[in-house]
Amino acid sequence: MSINRRKLLTTSAGLLAAGAFTGPFGVGRAFAQAAGPTYTPEAGASLRLLRWAPFVPAEEEAWLANTKKFMEATGVEVRVDKESWEDVRPKAAVAANVGSGPDMVMSWFDDPQQYPDKLVDLTELGTYLGEANGGWYAGLEAYAKRDGKFIAMPLCAIGNAVVYRDSHMKAAGFSEFPKDTAGFLELCKALQAKGTPAGFPHGKAVGDGNNYAHWLLWSHGGKMVDESGAVTINSPETLAAVNYAIELYKTFIPGTESWQDVNNNRAFLAGQVSLTANGVSVYYAAKKDPAMKEILDDMRSVNFPIGPVGESVELHQTSTLSVFAHTKFPEAAKAYIKFMYEADNMNAWIQGASAYCCQPLKAFESNPVWTADPFHAPYARASETLRPNGYAGPLGAASAGTMADYVLVDMFAEAVTGQSSAEDAITNAERRANRYYRV
């Protein structure tokens, strides 16, 4: 399907633009790039971007609007395909390893670390953007760099926070939300007793499942590996986290062991659970549906409670933007990325995302979206506070593989469902992690 730039259509398969204007040398018409490196799209260049399906439609609309501006300025055709969160990772890995498919991908966490030699070096652009925009947030930058070079561009952190029904919390006997894990467990017990249970995913959910599992582990002082990359998951701290998860799971609505990223949203908005964790998307889903006014008015957001470790330690969904080495148009891809990160365009995207996507560069932290609604507050510092999933060791193929294989998520799921004892679940996780860390 071809679509001219005057009529840009979005479909489930993607977005196409055609009718590009070319100059006398066959290169798309020039466009004004901000200071810094200049990238001239190759003659006849066209690009295909694979991205994750949006949970906030306006976020995608803003991204596509910026893409349209780029196409109109350069004549470079850009197609945007979207896949479910769970499908982006395997499709990107296949494209990288077979050397064909999309030119660029919005991927998750440290996925680029699995195939760094299959990606275009973006160090020049990454260095420039960081220096020009107050610097990258350290956690996001870590995901995008390998051996001091940018193998991807930090894109965003999708903040994760607890969302709950205020009236249900108060009916359960709590005047305010507990700040520690002990109080949190008591709240969940009380909610269950009132018939308004909690629910967190123990299934293979790329975002919510990993966010929850890492919070459970880190809040109790556990970690998958130490600073040298040696697997340390089999520890008293991990056992405490698993035992805590077992008790918490007893208060959940049945079936959370099979939940993926859409299920907690649906359960909360259907009134099946009164407490879960999610991005801000669940709030906007309720806001756009008049039938959910009662839930919307009763909905509150708060950061995860603090565990025995004594500090807030959270994993937030992170996305990076990579260019595959097999692309025929690397200069056009770099020009596209640079354009999307220009201040007006990046701010428009962050604004459109309505607090769903937290900025990758510090210059954009003053975007008015963060103070536009009190519900946004727990999500505002996601880029600043996130802890990379490979903590406390270095990010790389091992950390990426361990997460992609859901080693930590499965450890908790095995234990809470009774498939394995707590000790056996931890031993299984240790064995699986050691395969990636090559012990």
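The values are calculated or read from the model by the stated rules, or taken from the named source; none is laboratory data. Being a predicted model, the structure only gives us computed values, none of them experimental. Every residue, glycine among them, receives a Cβ derived from its backbone with ideal geometry; neighbour counts consider all protein chains shown. Side chains are part of the model used for accessible areas, which takes the heavy atoms of the whole protein and leaves out ligands, DNA and RNA. Shrake-Rupley method; radii C 1.70, N 1.55, O 1.52, S 1.80 Å.
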Next on the checklist: Given (1) touching a residue at least 12 places away in the same chain (Cβ under 8 Å); (2) assigned to a loop (DSSP other than H, G, I, E, B), identify the lone condition not met by residue 366.
Outcome noted: (1)
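Give the residue that is nearest to residue 93 (Cα to Cα), with candidates limited to residues of the stretch 401-439 that are in a helix (DSSP H, G or I) and open to solvent by 50 Å² or more (accessible area, probe 1.4 Å). Outline the logic, then answer.
In the first step, residues of the stretch 401-439 are kept if they are in a helix (DSSP H, G or I); the result is 401-404, 407-416, 422-436.
Those left that are additionally open to solvent by 50 Å² or more (accessible area, probe 1.4 Å): 423-424, 427, 430-431, 435-436.
Working: 423: 33, 424: 31, 427: 28, 430: 25, 431: 24, 435: 19, 436: 17 Å.
Taking the candidates together, the pick is 436.
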Checklist entry - Mind checking whether some residue in the stretch 350-364 is over 26 Å from residue 163 (Cβ atoms), open to solvent by 30 Å² or more (accessible area, probe 1.4 Å) and among the aliphatic types (A, V, I, L, M)? => result yes
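Would you say residue 398 is under 30 Å from residue 231 (Cα atoms), crowded, with 21+ Cβ neighbours inside 10 Å and touching a helix residue (DSSP H, G or I) at 6+ places or on another chain (Cβ under 8 Å)? Reasoning before the result, please.
Working: under 30 Å from residue 231 (Cα atoms): yes; crowded, with 21+ Cβ neighbours inside 10 Å: yes; touching a helix residue (DSSP H, G or I) at 6+ places or on another chain (Cβ under 8 Å): yes.
Yes: the conditions hold for residue 398.
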Checklist entry - How about the stretch 199-225: which of its residues are more than 20 Å from residue 274 (Cα to Cα), open to solvent by 10 Å² or more (accessible area, probe 1.4 Å) and not in a loop (DSSP other than H, G, I, E, B)? => result 214
Checklist entry - Mind checking which pairs have a first residue in the stretch 89-103 that is over 14 Å from residue 323 (Cα atoms) and a second that is assigned to a helix (DSSP H, G or I), Cβ under 7 Å, 6 or more apart or different chains? => result 89/111; 89/404
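Just one of 372, 325, 392, 332 is hydrophobic (A, V, I, L, M, F, W, C), under 21 Å from residue 79 (Cβ atoms) and surrounded by fewer than 20 Cβ atoms within 10 Å (Cβ to Cβ); which is it? Break it down stepwise before answering.
Working: 372 fails: under 21 Å from residue 79 (Cβ atoms); 392 fails: under 21 Å from residue 79 (Cβ atoms); 332 fails: surrounded by fewer than 20 Cβ atoms within 10 Å (Cβ to Cβ).
When all the criteria are applied, what remains is 325.
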Next on the checklist: Residue under question is residue 76, and the condition is that it be under 20 Å from residue 143 (Cα atoms) and β-branched (Val, Ile, Thr); does it hold?
Outcome noted: no
Next on the checklist: Suppose we filter the stretch 240-276 for residues that are open to solvent by less than 50 Å² (accessible area, probe 1.4 Å) and in contact (Cβ under 8 Å) with a residue 12 or more places away in the chain; how many remain?
Outcome noted: 25
Item to check | Residue tally, condition touching a His at 6+ places or on another chain (Cβ under 8 Å) and assigned to a helix (DSSP H, G or I), over the stretch 182-198 | outcome: 1
Next on the checklist: Taking the criterion of being within 30 Å of residue 419 (Cα to Cα), under 24 Å from the mean Cα position of the chain (by Cα) and open to solvent by 10 Å² or more (accessible area, probe 1.4 Å), would at least one residue in the stretch 293-302 satisfy it?
Outcome noted: no
